[in-house]
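I have placed the structure first, in the form of structure tokens, so that the comments after it can refer back to it.
The values are calculated or read from the model by the stated rules, or taken from the named source; none is laboratory data. All values derive from a computational prediction rather than experimental measurement. So basically every Cβ, Gly included, is an ideal-geometry build from the backbone, and we count neighbours across all protein chains shown. Note: areas computed on protein heavy atoms with side chains; ligands, DNA, RNA excluded. Shrake-Rupley method; radii C 1.70, N 1.55, O 1.52, S 1.80 Å.
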Amino acid sequence: MFKIEMLQAAWGDCLWIEYGNRDKPKRILIDGGITATYKLLKKRILKLPAEERHFELFVITHVDADHIEGAIKLLGRIQELNVTFGDIWFNGYEHLQGVDDDKLGGIYGEFLSALMKSRNLTWNKAFDDGKAVVVPDNGALPVKHLADGLKITLLSPTRETLKNLIPAWNAEIEKNKLTENKDVEAVLAVLEQRSALRPEVFIDDRLGEREIDVESLADSYFDEDAAEANGSSIAFLMEYDDAEDNKKKSCLLTGDAFPSLLTASLKRLISGDQTKIELDLLKVSHHGSKNNTSKELLKLLNCRNFLFSSSGQKFKHPNAETVARVLVNARGENMPQLYFNYVSEFNKMWNNTDLINGDYPYQAQYINEADDSLVIDL
């Protein structure tokens, strides 16, 4: 058994993964979404018997608020939830260049670092017991193994993209006048007041009816993302030999990573006559931003299932250019399956019979209105 659950995280990410024995699965959590996402996470965790509230791994991909706010809330309440983690992967300021803890750092990153230290949580244990989660410039990509044979190959970030984050991290600290005396409970109280659980999404029905030229959108000019925080995203290939159906499952989980970094790392994995990476699932980077999924990346993948995590709020994701690139580059493979964990004005145009049965056929799956998450069972 291997399944991924996309929780509704507004414009952010929060992925709940279960694998192994269906009756007693292992669990992995990736990101915590915005502050309001914590309510969904709490509800999901409390459904588990107390003795099963353990995650093999919690990955906090990077310091952007839509990935880290809910993580701060969760780690601040782990004792009352009786939840534990085998390891937590997160790059704090000391990991950016190996400097001392008394240096300045990004506000959310500093809050999370202080929180993990105050709770004595296991932090980057898999990387030489606390060093940076980073891809080396040369040699083999880092490979880590979790319980029951799950394999993780790190693809991002690099040392360069971690170092590039330092000026932006410092600037945010100065802007917010954060001192070294970080009151964790005060931070949690502030986060408690942020964001509504289900912020309203305004729908313009005319957008859903507009004509879409898939090929033209896919061929539109590509300008890669340059945001320092996104470049520091932890991204990895996850592989699992599923004994229940005697099949290998593989997923590419990207955070908000740069496509050039993912492409370069994936090319390091290709050998011999191999021309593509076989994937069951791609969590599309940066919520489907047109700046984070290139044709070059997609041409390296033989993939059927594509996950888009976004309500469309704030940044209007997913961009139509990204969806079009996915459809054009998946043509000739198994019919692409598009998964959306919201219905919004920025994704509902793909629920169109003419497009679905057109030159680039696909299927579109949307979350049920009454649900808080969308489950993909591979």
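Couple of notes before you dig in:
- Any chance residue 267 is open to solvent by 10 Å² or more (accessible area, probe 1.4 Å), within 16 Å of residue 325 (Cα to Cα) and of a type outside the set (Val, Ile, Thr): no
- Residue count for the range 51-81, restricted to those that are open to solvent by 10 Å² or more (accessible area, probe 1.4 Å), within 21 Å of residue 96 (Cβ to Cβ) and of a type outside the set (Gly, Ala, Ser): 3.
- Entry remark, the range 5-43: residues being outside any strand (DSSP E or B), open to solvent by less than 50 Å² (accessible area, probe 1.4 Å) and either hydrophobic (A, V, I, L, M, F, W, C) or touching a Leu at 6+ places or on another chain (Cβ under 7 Å) (or both) number 15 in total.
- Conditions (1) open to solvent by 20 Å² or more (accessible area, probe 1.4 Å); (2) modelled with pLDDT of 95 or more; (3) under 30 Å from residue 175 (Cα atoms): number failed by residue 142: (3)
- Residue ranges of helices (runs of 4 or more DSSP H) in the range 287-378 with at least 1 members within 23 Å of residue 249 (Cβ to Cβ): 295-299, 320-329
- Tally of residues being modelled with pLDDT under 95 and not aliphatic (A, V, I, L, M) across the range 255-279: 7
Residue-wise test of (1) closer than 21 Å to residue 341 by Cβ; (2) surrounded by 12 or more Cβ atoms within 10 Å (Cβ to Cβ); (3) small (Gly, Ala, Ser); (4) modelled with pLDDT of 65 or more.
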| site | (1), (2), (3), (4) |
| --- | --- |
| 166 | no, yes, no, yes |
| 185 | no, no, no, yes |
| 196 | yes, no, yes, no |
| 221 | no, no, no, yes |
| 224 | no, yes, no, yes |
| 231 | no, yes, yes, yes |
| 237 | no, yes, no, yes |
| 242 | no, yes, no, yes |
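- Selected residue (criterion: least open to solvent (accessible area, probe 1.4 Å)) from residues of the range 107-124 that are of a type in the set (S, T, N, Q) and assigned to a loop (DSSP other than H, G, I, E, B): 124
- The number of residues in the range 18-36 that are touching a Lys or Arg at 6+ places or on another chain (Cβ under 8 Å) and farther than 20 Å from residue 342 by Cβ comes to 3.
- For the range 125-178, residues that are closer than 24 Å to residue 263 by Cβ and assigned to a helix (DSSP H, G or I) total 7.
- Tabulated pairs, the range 40-59, first farther than 18 Å from residue 12 by Cβ, second open to solvent by 20 Å² or more (accessible area, probe 1.4 Å) and part of a helix (DSSP H, G or I), C-beta under 6 angstrom, 6+ apart or interchain: 56/147
- If you go through the range 44-71 and pick out every residue that is farther than 16 Å from residue 121 by Cβ and part of a loop (DSSP other than H, G, I, E, B), you end up with 7.
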